[in-house]
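A.B. asks: What follows is a structure written as structure tokens; I'll ask about it next.
The values are calculated or read from the model by the stated rules, or taken from the named source; none is laboratory data. Remember, it's a predicted structure, so these values are computed and weren't measured experimentally. Cβ placement follows ideal geometry from the backbone for every residue including glycine, while neighbour counts extend to all protein chains displayed. Protein only, heavy atoms only, side chains kept; ligands, DNA and RNA dropped before computing areas. Shrake-Rupley method; radii C 1.70, N 1.55, O 1.52, S 1.80 Å.
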Amino acid sequence: MAAAAALVAIKLIVGLLAHSLGLVAEAIHSATDMVAALLTFFAVRVAGRPADRDHPYGHGKAEHLSALGESAILIVAAVAIVIEAVVRLSGHGKTAEAQWYVLAVVGVVIAVDAFRSTASHRAAHRHSSAALGANALHFTLDLVGSLAVLVGLVLVRAGHPQADSIAALLVAGLVLFSAGRLMRGSIRVLMDTASAPAEQAARAAIAGIEEPVTISRLRMRESGGRHFVDVVVGVEPDADLVHGHAVASSIEDAICRDLPGSDVVVHVEPDPAMGSRHVDHGPRAVITLCLGPERTLADARKLADELERSIRAQHPDIRDVSVHTEHD
């Protein structure tokens, strides 16, 4: 925000003194960045709040509302720039004066733009933040726009007075491009539009688990860089509760491994099309062991394995043994 405020002052003052539409356009662009940075600051604070009773999915969409507001501001600024550039190209308005100090100021502006663009891109990637990503895109386009203004002023100094207005039109085009991109991405998230790459990753994760399952339904939504996954899978009709729980846990672990930070809800139901899990429907043993609180998970696993081996040895007619352990 401090960088944006300083750039607005520098570009606007120098642009007005030199009658440079390109610099004034960049000042307007930086002003929208300053407002956008303020929106991002408050949006990230809101998005960071934990889920509550009124917002069970958290507050992550506040970032995308912020990005949508930023895009609207950018569009208004771009239209104003285009109108003034067209007026100047038609032979009306003042001509830019490319003095040496103007070029020096643009050089300083480019250095500041390069620094904050790099910092914002790194932060957006590290925190998977839509709002920080929006700021990073703005700063990058600021850098490109500043370079265009520098080229335009150099051409003005070389005897091409319309180059400044052409540079301003280029800046306006960059602003409209960034606004359209931000608006499209924000609307996609706010409307819960499915992300094809994320859905493919979730399906691949489910297909990679050891237990055979069929996917009856897979719904996904995104908020604040986090995926919410709702999946219904089918298992063998005669699978017991322990097996169903194991399948659900495997799916949740697989999806969270490929899409870190995901919130996964798995519903397991019998699928008659898969047929029976057991060829011989002989006697089955389903046992729940209640262990004392001092027992470890390793103790429970060892005891369950010993009990299963003992039952199979003494009762060979039992075709399936399922042992579930829990603390008493």
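A.B. asks: Hull surface divided by four, with the convex hull built on the Cα atoms of segment 91-185: how many nm²?
C.D. replies: On the way: hull surface 26.7 nm².
Computed as one quarter of the Cα hull surface, the answer is 6.7 nm².
A.B. asks: Follow-up. Kindly provide the GluC sites (Glu not before Pro) of segment 171-266 that DSSP labels as loop, not H, G, I, E or B, and whose Cβ sees at most 10 other Cβ atoms within 10 Å.
C.D. replies: GLU210
A.B. asks: Still on this structure: Express the Stokes-Einstein translational diffusion coefficient of segment 111-158 in µm² s⁻¹, to the nearest whole number, given a Kirkwood radius over alpha-carbon pairs, 20 °C and a viscosity of 1.002 mPa s.
C.D. replies: Values: Rh = 11.4 Å.
So the translational diffusion coefficient is about 188 µm²/s.
A.B. asks: Provide the net charge surrounding ALA205, with neighbours chosen by a C-beta distance below 14 Å and charges set as Lys +1, Arg +1, Asp -1, Glu -1. Spell out each step's value before the answer.
C.D. replies: Details: positive: ARG203, ARG257; negative: GLU199, GLU210, GLU211, GLU252, ASP253, ASP258.
Around ALA205, the charge tally is -4.
A.B. asks: Another one. Roughly how compact is segment 113-267, stated as its Cα Rg over 2.2 N^0.38 Å to two decimals? Could you put the intermediate results ahead of the total?
C.D. replies: On the way: Rg = 23.6 Å, N = 155, 2.2 N^0.38 = 15.0 Å.
Rg over 2.2 N^0.38 Å, computed on Cα atoms: 1.58.
A.B. asks: Within segment 288-303, find all residues whose amide N lies under 16 Å from a label point positioned 7 Å from the Cα of ALA313 along Cα-to-beta-carbon.
C.D. replies: In segment 288-303, the label zone of ALA313 (backbone N under 16 Å from the point 7 Å along Cα→Cβ) covers 302-303.
A.B. asks: Taking the Cα-to-Cβ direction at LEU241 and at CYS290 and moving 7 Å from each Cα, how far apart do the two end points lie in nm?
C.D. replies: The modelled label-to-label distance comes out at 1.4 nm.
A.B. asks: Which sequence of VAL154, VAL264 reflects their accessible areas, 1.4 Å probe, from the largest down?
C.D. replies: Working: VAL154 75, VAL264 20 Å².
Descending accessible area places them as VAL154, VAL264.
A.B. asks: Further question on the same structure: Quick one: length gained pulling PHE177 to MET191 fully straight, 0.36 nm per residue minus the C-alpha distance?
C.D. replies: On the way: separation 14, 0.36 × 14 = 5.04 nm, distance 2.12 nm.
Length gained between PHE177 and MET191: 2.9 nm.
A.B. asks: Using r as the Cβ-Cβ distance of ASP299 and GLU199, and R0 as 41 Å, what FRET efficiency do you calculate, to the nearest 0.05? Don't jump to the answer; show the numbers that get you there.
C.D. replies: Working: r = 41 Å, r/R0 = 1.00.
Efficiency, rounded to the nearest 0.05: 0.50.
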